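The values are calculated or read from the model by the stated rules, or taken from the named source; none is laboratory data. Since the model is a prediction, treat every value here as computed from it, not as a measurement. All Cβ positions, even for glycine, are placed from backbone atoms using ideal geometry, and neighbour counts span all protein chains on display. Only protein heavy atoms, including side chains, enter the accessible area calculation; ligands, DNA and RNA are left aside. Shrake-Rupley method; radii C 1.70, N 1.55, O 1.52, S 1.80 Å.
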Amino acid sequence: MEALKGTALFMRRTVVVLVLLIVVPTTLGLLIGGIVLLYKGNIPRAAFVFLAAGCIAEGCRRSLWEYSHDDEELHEGMTGTVPASTESVSTVVPPAMSLPEEFVLLCQLDSGEVYNCGKATNGCAAAELGELALRRRLRVVPRKKIKLFSFQIYFRPVKIHLSDATPTGLVWADSILANLERHITSNGGPISLYKWYRLRGDEALLLHRAALTERALLLRDFRGELHYPDAAVRNALIGRLQAVSSELVPTDEHMRLLLDLVEGAYLYRNLGLTLTLRQRIDRARRTGAVAALPEDLMDSSSALSVRMRFPRQ
């Protein structure tokens, strides 16, 4: 077993070296080309080349960061430390919850505090839009998207397009649809995602946290400041996410959106989730486990996840 882990560790590091040998010269070449184009006065083309170099560099940085953590896990396994299981940690079947309710439950730590209040606030507002996207009531659309080396690249601003304002049966969702319709009508077109975050504020987080408290999935302390999640239900939800993330079970639209929101809030490591380089490439190219998911929904999911991390439009 240790020999296999040692081989895996060696192969991972070999891949990192090969990536550096290919990506670094390519990025430097693009930067030099961009400088030449800028010197010649071809600003639009130079900007495009600089953007391509930046995207490649950022993708490489994220991938290498993921590999460094994977190496740590393999090293721990060789020294006797058992990594977190990717199988379901509970036999409890989680009750039916909406996307924002699931996101809030995951953001509530065992200490009763909220993991990163800013990310939780924007993430809950994003989860509401994700739930409506799942119900085909709206789409979250970037100004433009292009394919570069088979990778999807999105351009700001990101806007919310209303597709269907008919009631969903959820009180909070129907209220949001009515508000979006009113703002879009007064705005004369789709509303900016960043503007919606500002309008929504922390209302989404407070609303869905109160709903979970009413259902006893969150328990408040006597001062009402801390909210303790139902450990069995939260662990069962984490187990489902781990199974989907590890591709032990097929992904669906709902779980894909939830995983993207979790990644956008930087909750991945806290929940014992990992995303390999191959999975990142598959998702960026819309192949592998996500190939069968609708393109418009994947666009909405990616836009919501990225704009949670970089909200200003």
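Couple of notes before you dig in:
- Residue in the range 244-260 that is over 25 Å from HIS161 (Cα atoms), in contact with a helix residue (DSSP H, G or I) (Cβ under 8 Å, 6 or more places away or on another chain) and free of Cβ contacts under 8 Å to residues at least 12 places away in the same chain present: yes
- Qualifying residue in the range 198-209 (condition: in contact with a Lys or Arg (Cβ under 8 Å, 6 or more places away or on another chain) and open to solvent by less than 70 Å² (accessible area, probe 1.4 Å)): no
- Condition check for ALA204: within 23 Å of PRO157 (Cα to Cα) and either more than 14 Å from the chain's Cα centre (by Cα) or modelled with pLDDT of 90 or more (or both): yes
- When residues of the range 269-292 are limited to those that are at pLDDT 85 or above and not in a helix (DSSP H, G or I), the one most open to solvent (accessible area, probe 1.4 Å): GLY272
- Scanning the range 105-130 for residues that are modelled with pLDDT of 95 or more and touching a strand residue (DSSP E or B) at 6+ places or on another chain (Cβ under 8 Å) yields LEU105, LEU129.
- Residues satisfying the stated conditions in the range 241-265, i.e. of a type in the set (D, E, K, R), assigned to a loop (DSSP other than H, G, I, E, B) and open to solvent by less than 10 Å² (accessible area, probe 1.4 Å): none
- Residue, farthest from the chain's Cα centre (by Cα), within the range 170-194, restricted to residues that are open to solvent by 70 Å² or more (accessible area, probe 1.4 Å) and not polar (S, T, N, Q): GLY188
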